[in-house]
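For reference, the structure discussed in these notes is given below.
The values are calculated or read from the model by the stated rules, or taken from the named source; none is laboratory data. Since this is a predicted model, take the numbers as computed values, not measurements. Counting neighbours? That spans all protein chains shown, and the Cβs are built from the backbone with ideal geometry, glycine included.
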Amino acid sequence: MSTDVTVFGFGPVGRETTRRLLAQGVSVRVAQRHAPPDLPQGANFIACDVLDAEAVRRTTEGAQQIVVAVGFPYAGDVWRVAWPRAMTNFVSACAATRARMVFVDNLYMYGPQNAPLREDMPLVPFGVKPAVRVEATRIWMAAAEAGRIRATALRASDFYGPGVTLSHLGANAFGAIAKSKRAFLLAPPDAQRDFAYVPDVARGVVTLLDAPDDAYGHAWHLPCAPTRTPREILTLGAQALDRAPRFFALPLASLPVLGLGLPLLREMTEMRFLWDRPYRVDAQKFSSRFWSDPTPLEVGAAATARSFVDGG
């Protein structure tokens, strides 16, 4: 592992990755617009707007590797502008500084699929947000194929875990159960679905930072625990708190109508394909090369539920 890593974005994945790197004695800089109040001791902060090309280049200087774990508001109009610009800036900065890049990505670019998702599936620009992720993918992949940069993507399903509030299993789900309230779900509670535990995502990021250059130039899927439903996962968390879980879920068919008045539901309407069929991730490529022991859901759900009690 190189000794100098810059982590762009200090959300749940950036935070956990930073902690893991610091524990290994790596010099870490955290870059985003504003300094996080919980920056770990030993990490340095640098202010950076990832939509500013010169700021990204300056921030990347001196780093042997960068981790892109940034996020933008969940709105197609924002993504349409922000993601291509940000990815272009990261590519240009890596080309200028020769820093390697690990991009923490999602799985939207495959569009609706009935089979488990594999890295060799074609990119499908289905809807605004999936189309944007396709465009961002093509930007970094084209640069890697041309030999301009060394980059890879770690693609993961929806997150859950301590500190993850803005997700299907976040504050409205695990957080509600921790407060003895009904878990509110924006998707079917009994859909068969893979979820990525944030500490596992950070472990995957560090694994790729440790990997040789032949692991770059293509994407990897993060291994998940065996597929369960949101109801089953939340029940595991509730049991760890000795509580009886209660659920309320919006029917998928109601999203287009409700979205007329609620922006978040309007944004979710095009993403119904994530929930109207089993959603499984094939991570055999990663598992056969690196590791295949993701955190069991019994462990992750309990830790997540307890974190919402401890953290309020």
With the structure loaded, tell me whether V28 is aliphatic (A, V, I, L, M), assigned to a helix (DSSP H, G or I) and assigned by TED's automatic domain parsing to the domain that holds V68 or whether it fails that test. no
Scan segment 228-245 residue by residue and report those that are part of a loop (DSSP other than H, G, I, E, B), at pLDDT 95 or above and under 12 Å from A178 (Cα atoms). L241, D242
Can you give me the number of residues within segment 8-49 that are more than 18 Å from the chain's Cα centre (by Cα) and not aliphatic (A, V, I, L, M)? 16
I need a count of the residues in segment 101-123 that are touching a helix residue (DSSP H, G or I) at 6+ places or on another chain (Cβ under 8 Å), surrounded by fewer than 23 Cβ atoms within 10 Å (Cβ to Cβ) and either closer than 30 Å to R58 by Cβ or acidic (D, E) (or both). 3
Boolean, R33 is outside the structural domain of L265 (by TED's automatic domain parsing), closer than 16 Å to I149 by Cβ, surrounded by fewer than 14 Cβ atoms within 10 Å (Cβ to Cβ) and modelled with pLDDT of 95 or more: no
Those residues of segment 11-42 which are free of Cβ contacts under 8 Å to residues at least 40 places away in the same chain, touching a helix residue (DSSP H, G or I) at 6+ places or on another chain (Cβ under 7 Å) and of a type in the set (A, V, I, L, M, F, W, C), in sequence order: V28, V30, A31
So A249, is it within 22 Å of D190 (Cα to Cα) and either buried (at least 16 other Cβ atoms within 10 Å of the Cβ) or modelled with pLDDT under 90 (or both): yes
Please name all residue pairs, on different chains or six or more residues apart, with Cβ atoms under 6 Å, provided the first residue is in segment 194-207 and is touching a residue at least 60 places away in the same chain (Cβ under 8 Å) and the second residue is buried (at least 23 other Cβ atoms within 10 Å of the Cβ) and of a type in the set (D, E, K, R). V198/E16; P199/E16; A202/E16
Have a look at L262, L234 and point out the one that is of a type in the set (A, V, I, L, M), touching a strand residue (DSSP E or B) at 6+ places or on another chain (Cβ under 8 Å) and more than 20 Å from E16 (Cβ to Cβ). L234
Residue ranges of strands (runs of 3 or more DSSP E) in segment 35-133 with at least 1 members farther than 19 Å from L208 by Cα: 44-47
Flagged in segment 254-312 as surrounded by 14 or more Cβ atoms within 10 Å (Cβ to Cβ), assigned to a loop (DSSP other than H, G, I, E, B) and small (G, A, S), in numbering order, are G259, A283
What are the residues in segment 175-219 that are of a type in the set (S, T, Y) and part of a helix (DSSP H, G or I), if any? T207
Take Y160 and decide whether it is out of contact with any strand residue (DSSP E or B) (no Cβ under 9 Å at 6 or more places or on another chain) and among the aromatic types (F, W, Y). no
I need the full set of residues from segment 134-145 which are within 15 Å of D214 (Cα to Cα) and small (G, A, S), in order please. A144
Looking at this structure, is A151 under 26 Å from F290 (Cα atoms) and either modelled with pLDDT under 95 or surrounded by fewer than 23 Cβ atoms within 10 Å (Cβ to Cβ) (or both)? no
